[in-house]
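Inspection log for the structure reproduced underneath, given as structure tokens.
Laboratory data are not the source of any read-out in this text; all were calculated from the coordinates shown. The shown structure was predicted, so the numbers you read here are calculated from the model rather than taken from an experiment. Every residue, glycine as well, gets a Cβ built from its backbone with ideal geometry; the counts of neighbours run over all protein chains shown.
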Amino acid sequence: MAATVNVNGRVFDQEHAAISVFDHGFLYGEGVYETLRTYNGQPFLFDRHMRRLRNSAGMLALPVPLDDEQISARFLDTMRAAGLGAHGGAPAREAYIRILVTRGVGELTYDPAATPNPSIVVIVKPHVSPAADAFERGVKVALVPILRNHPGTVNPRIKSNNLLNNALAMQEAYRRGGFEGVMRNYRGELAECTQSNLFIVKDGAALTPPIEAGLLPGITREFLFEVGAEHGIPVREAVLRDDDLLGADEAFLTSTTREVVPIVRVDDRTIGSGVPGRITLELLRRFREKADRLTRAVAHAR
Ligand SMILES: Cc1ncc(COP(=O)(O)O)c(C=O)c1O
């Protein structure tokens, strides 16, 4: 794994990175996070990740004590210490960047007044893509019985460090040999996967559950609407149920670290023709082209 970690402004190797057991992130799961990756050594869609981080924090009334530039400086420092990113003309070593903001250290109470100083941790390590096989042959997912959090409890829009809902669902997916677990919402509609958003393709259109279904507004998901619009592929929201997934022509999942991964099986059912679909692969290709173009332009400007 070999991570390099910035804890409240100081950089440590992974063995020495530590945080107090009295941090309310540890005690109560009170905190939010973002996961970014680089292309061409440049953080991808940084502004959008910062916007979502601040939205998530706002929903917990958690102050983020750094501005975007200061957060960027923290992870660029950490990437430099880790030898990741683009340096002096050498080929870029792509980075995984996880930014966490927690409530901070304080007395054993839920009163936010006890924790005036939020903690900020940045974990950086080499980015690892899913195996080539996942993109070329597609993956199996499990449709798990654990429901996505009701938006009236811990709203799935919050990218929260409190990940028990996701972890329990993914444990079930592991038991069933799934690459991911697909979760339904409290109404029985499909919501999202435990660490990614879900899409199906029907009659040439890529469809994904609406935010109101109770899910994380994925940045890759949002970006894919734009990629689709640029290339004449309809990508839109629709309420989806089990039968829509099982009867889909194609299906795929999206996330920052996984991009667009074709789904070819749901438990013991084959989706479409059982191989990655044409629209899925087209969206993956166009997505990668656009990510490369946007980050290459930044890399050249530096
Ligand atoms: C629950 C959940 N949904 C969706 C996503 C995908 O979001 P993004 O595309 O912003 O990485 C993630 C990413 O980690 C996630 O944890």
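Odds and ends about this structure:
- Shown here for region 205-281: trypsin sites (Lys or Arg not before Pro) in loop regions (DSSP other than H, G, I, E, B) with at most 14 other Cβ atoms within 10 Å, namely ARG241.
- When each of the peptides 13-22, 103-112 is scored by the mean number of other C-beta atoms lying within 10 Å of its residues, the order from highest to lowest reads 103-112, 13-22.
- Using 0.36 nm per residue and subtracting the Cα-Cα separation, the extra length available between ASN8 and ALA299 on full extension is 102.0 nm.
- Each Lys and Arg contributes +1 and each Asp and Glu -1, all at the Cβ; summed about the Cα centre of the chain, the dipole is approximately 420 debye.
- Mean-square fluctuations from a GNM of the chain, with a 10 angstrom spring cutoff on Cα atoms, peak among GLU250, GLU192, GLU226 at GLU226.
- The distance between label points at ARG278 and GLU230 comes to 2.2 nm (points 7 Å beyond Cα on the Cα→Cβ vector).
- Residue (of GLY83, VAL154, VAL227) at the positive-pole extreme of the chain, dipole from beta-carbon charges: GLY83
- For the chain, with +1 on Lys and Arg beta carbons and -1 on Asp and Glu, the positive-most of ALA191, SER273, GLY31 along the dipole: SER273
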